[in-house]
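Undergrad: Here it is, the structure, as structure tokens.
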Amino acid sequence: MLTLAADIEVLARFGRALADPIRCRILIALREAPAHPADLADALEISRTRLSNHLACLRDCGLVVAVPVGRRTRYELADERLGHALDHLRTAVVAVEADKTCPDAETKGCC
């Protein structure tokens, strides 16, 4: 059980980052490879302004870092273990979806 405030804050930041589908798409894209904002915006088919706002959120959450490359900036996951964590979360969600362990899923649409 989590008891340390720092542990709880880390999970809350991760949850905030994953709460938005665009940020999830960004994290998955960066899981594959680091990328420049213009390339990410094109790949995700979103405006550069919108992408910039989401990247700022992910930076503030400590999940991505901006790496200067000459006059440009490249983004990557702050730690390679985040990529593994994303993989584990994706497979865990698929497992939960497969067996529908939540008794309220049908009636409340919560899972």
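Taken together, the values in this text are just the output of simple stated rules run on the coordinates, not laboratory data. Because the structure is a prediction, the values reported are computed rather than measured. Methodologically, a virtual Cβ is constructed for each residue, glycine included, from the backbone with ideal geometry; neighbour enumeration extends over all protein chains shown.
Undergrad: Place the peptides 22-31, 66-75 in order of packing, highest mean first, counting for every residue the other Cβ atoms within 10 Å and averaging per peptide.
TA: Taking the mean over residues of other Cβ atoms within 10 Å, the ranking is 22-31, 66-75.
Undergrad: With each label point set 7 Å from Cα along the Cα-Cβ vector, what nm distance links LEU4 and CYS24?
TA: Taking the two extended label points, one gets 2.9 nm.
Undergrad: Say each of ARG13 and ARG48 gets a label point 7 Å from the Cα, pointing the same way as Cα to Cβ; how far apart are those two points in nm?
TA: Taking the two extended label points, one gets 2.8 nm.
Undergrad: I would also like to ask the following. What are the ³J(HN,Hα) values, in whole Hz, obtained from phi via the Karplus relation 6.51 cos²θ - 1.76 cosθ + 1.60 with θ = phi - 60°, for each residue of segment 63-78 in sequence order, with x given for Gly and Pro?
TA: Karplus-based 3J(HN,Hα) across segment 63-78 equals 9, 10, 10, 9, 10, x, 10, x, 8, 10, 10, 10, 10, 8, 4, 5 Hz.
Undergrad: Right, here's the next one. Debye calculation, C-alpha points only, no solvent: report log10 I(q)/I(0) for segment 12-85 at q = 0.12, 0.14, 0.19, 0.28 Å⁻¹, in the same order as the q values.
TA: -0.27, -0.37, -0.70, -1.56
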